[in-house]
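The values are calculated or read from the model by the stated rules, or taken from the named source; none is laboratory data. Bear in mind that the values here come from a model prediction, so they are computed numbers and not experimental data. Counting neighbours? That spans all protein chains shown, and the Cβs are built from the backbone with ideal geometry, glycine included. Quick note on the areas: whole protein, heavy atoms, side chains included, nothing else; ligands and nucleic acids left out. Shrake-Rupley method; radii C 1.70, N 1.55, O 1.52, S 1.80 Å.
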Amino acid sequence: MKVTHVFANLPVADIEVARGFYNDYLGLSEEGFNMGWVARYQTPDGAANVQLVTKDATSPVDSVISVAVGDDVDEAYAEAQRRGYEIVHPLTDEPWGIRRFFVRAPDGNVINIAGHRDG
C-alpha cells in the first residue's frame, strides 16, 4: 500500500459555523470541497489542510483521519483483513466517486482508507 495523503478529520457540529476559524484565523482559505457533511480547507499552496466532518454520510462511525492510497485500496483492505484488524465500514464504492473502508487501529482510532474508483 502506498499512502499519498493523510488528512485530519475534525468533528464539528456545523461546518459553516466552524469555517471562519479555519479559513480566516488559521489561513486555510481554499475550499478543496464541501459536501455538506464534510469539507476540506487548505492553504493556497495545498501544503496544509484539514477536513471538517459533522457525521460521516455512510459509515456508522466517524474516522479521525483519512488516508489516501490511490489505486491500492483493495490491496489495503485485503491486508487489513489478513492482519485481523476490525473493519468498521466495509469496502464500498461511494456515490461521490471514491472507494473506501474504515479500519480500527490497534490503539482504537478509526481510520478511513480511501482510493480512486476504477473505471
Could you grab me the full set of residues in the range 10-19 that are more than 13 Å from Q42 (Cα to Cα) and open to solvent by less than 80 Å² (accessible area, probe 1.4 Å)?
L10, V12, D14, I15, A18
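Can you name every residue in the range 14-41 that is of a type in the set (A, V, I, L, M) and free of Cβ contacts under 8 Å to residues at least 60 places away in the same chain? Explain how you work it out, then say what you get.
Of all residues in the range 14-41, those of a type in the set (A, V, I, L, M) come to 15, 17-18, 26, 28, 35, 38-39.
Of everything in the range 14-41, those that are of a type in the set (A, V, I, L, M) and free of Cβ contacts under 8 Å to residues at least 60 places away in the same chain turn out to be I15, V17, A18, L26, L28, V38, A39.
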The residue that is least open to solvent (accessible area, probe 1.4 Å), considering only those in the range 20-38 that are closer than 16 Å to I98 by Cβ and either of a type in the set (V, I, T) or in contact with a Ser or Thr (Cβ under 7 Å, 6 or more places away or on another chain) (or both), is V38
Pairs, first over 22 Å from R40 (Cα atoms) and free of Cβ contacts under 8 Å to residues at least 40 places away in the same chain in the range 62-91, second assigned to a loop (DSSP other than H, G, I, E, B) and of a type in the set (A, V, I, L, M, F, W, C), C-beta under 8 Å, six or more apart:
Y85/A105; V88/V61
What are the residue pairs meeting all of these: first residue in the range 1-13, first residue over 15 Å from W37 (Cα atoms), second residue open to solvent by 80 Å² or more (accessible area, probe 1.4 Å), Cβ atoms under 9 Å, and 6 or more apart or on different chains?
M1/E75; K2/D71
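What are the residues in the range 40-59 that are over 17 Å from E94 (Cα atoms) and either in contact with a His (Cβ under 6 Å, 6 or more places away or on another chain) or in a loop (DSSP other than H, G, I, E, B) (or both), if any?
Just the residues of the range 40-59 that are over 17 Å from E94 (Cα atoms), to begin with: 40-52, 54.
Those that are over 17 Å from E94 (Cα atoms) and either in contact with a His (Cβ under 6 Å, 6 or more places away or on another chain) or in a loop (DSSP other than H, G, I, E, B) (or both): T43, P44, D45, G46, A47, A48, T54.
Rundown of residues vs (1) open to solvent by less than 60 Å² (accessible area, probe 1.4 Å); (2) at pLDDT 95 or above, yes/no style:
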position	(1), (2)
R40	yes, yes
L52	yes, yes
I65	yes, yes
V73	yes, yes
Q81	no, yes
I111	yes, yes
G119	no, no
Does D107 satisfy being assigned to a loop (DSSP other than H, G, I, E, B), modelled with pLDDT of 95 or more, open to solvent by 20 Å² or more (accessible area, probe 1.4 Å) and within 14 Å of N9 (Cα to Cα)?
no
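Any residue in the range 83-92 that is modelled with pLDDT under 95, open to solvent by 20 Å² or more (accessible area, probe 1.4 Å) and part of a loop (DSSP other than H, G, I, E, B)? Let's see the steps before the verdict.
Initially, the range 83-92 is screened for residues modelled with pLDDT under 95, giving none.
Looking for residues that are modelled with pLDDT under 95, open to solvent by 20 Å² or more (accessible area, probe 1.4 Å) and part of a loop (DSSP other than H, G, I, E, B), one finds none in the range 83-92, hence no.
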